[in-house]
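Here the structure is laid out as structure tokens; the discussion comes afterwards.
What follows draws every value from the coordinates through simple rules; no lab data is involved. This structure is a prediction, so every number in the text was calculated from the model and none was measured. Neighbour counts are summed over all protein chains in view; Cβ atoms, including those assigned to glycine, are modelled from backbone coordinates with ideal geometry.
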Amino acid sequence: MGAIADAVQACQNRIVLACAEAGRPRDGVRLLAVSKTFPAAAVREAHAAGLTAFGESYLQEARDKQDALSDLALEWHFIGPLQGNKTRLVAERFAWVHALEREKIAWRLSEQRPVSLPPLNVCVQINVSAEPGKHGLPLERGLELARLVASLPGLSLRGFMTIPEASLQFAHTRFARLRDLLERARAEGLPVDTLSMGMSADLEVAILEGATLVRIGSAIFGARPLPNN
Ligand SMILES: *Cc1c(COP(=O)(O)O)cnc(C)c1O
């Protein structure tokens, strides 16, 4: 097996163990492979190792990769911050958006989603630690944006996403806050089923706290070159 196939297997094992530890079924957690900064050939290897969902943050790079891999049935997730002038490409080329944080972007994505495609799956990004200068909305405003997304015809509200600060010390409480928000949204009748949280370093904590989708980059593809982080 190649290095990527080995790494995919190791990740799958971590997820299986974490689910067992959490008393959750394995099929309640999806693995999204974050392929940003890595070449199409690496995605091809990960696909051969059984993965079908891939996350990208940079639009031009993603577009080139999608074109190079159009022979494969892949599900593309846009996980980066989204600017107004980039929405059309995302609406046309992706199945999911994970980092929605502005109303105007929601309107545009809905308008620009081709009617030939199913609605774009959307998670609202939350800043669970309320750190200034970080991406994501405070909880209340996130819930408001979720209500708007649920009302737009070109979008399908799926849930919430967060990137907590690197320290593992607070990860439990941060992730638990996102889970509470999902419960609140559900209680008011919003059709949410997704908690997009957990990355290479903290997927176990995220799964313990209810993650339904983990976004794994370096643990599959190796260290990314700086400065793309
Ligand atoms: C890059 C990135 C990841 C993957 O991070 P790793 O630590 O390499 O697993 C996950 N989510 C988002 C939003 C990212 O930008």
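A simple spin-label model places pseudo-atoms 7 Å from Cα toward Cβ; at Ala201 and Arg30 they are separated by 2.6 nm. A simple count of charges around Cys123, restricted to other residues whose Cβ falls under 13 Å of its Cβ and scoring Lys, Arg +1 and Asp, Glu -1, yields +1.
Model label points for Ser116 and His172, set 7 angstrom from Cα along the Cα-to-Cβ axis, are 5.1 nm apart. In plain terms, the chain from Arg147 to Ala73 could stretch by 23.5 nm, reckoned as 0.36 nm per residue minus the Cα-Cα distance.
Here His98, His47 are placed in order of increasing Cβ neighbour count within 10 Å, fewest first, which gives His47, His98. With the cut-off at under 16 Å, measuring from each backbone N in segment 42-65 to a point 7 Å along the Cα-to-Cβ line of Ala10 picks out 46. Using the Cβ-Cβ distance between Glu92 and Ala48 with R0 set to 30 Å, the FRET efficiency works out to roughly 0.65. Length gained on full extension, Ala223 to Ala20: 70.3 nm, using 0.36 nm per residue less the C-alpha separation.
When Ile126, Ile163 are arranged by Cβ crowding within 10 Å, least crowded first, meaning fewest neighbours, the order is Ile163, Ile126. Here the simple spin-label model places points 7 Å from the Cα toward Cβ, and for Trp107 and Asp180 these points are separated by 3.3 nm.
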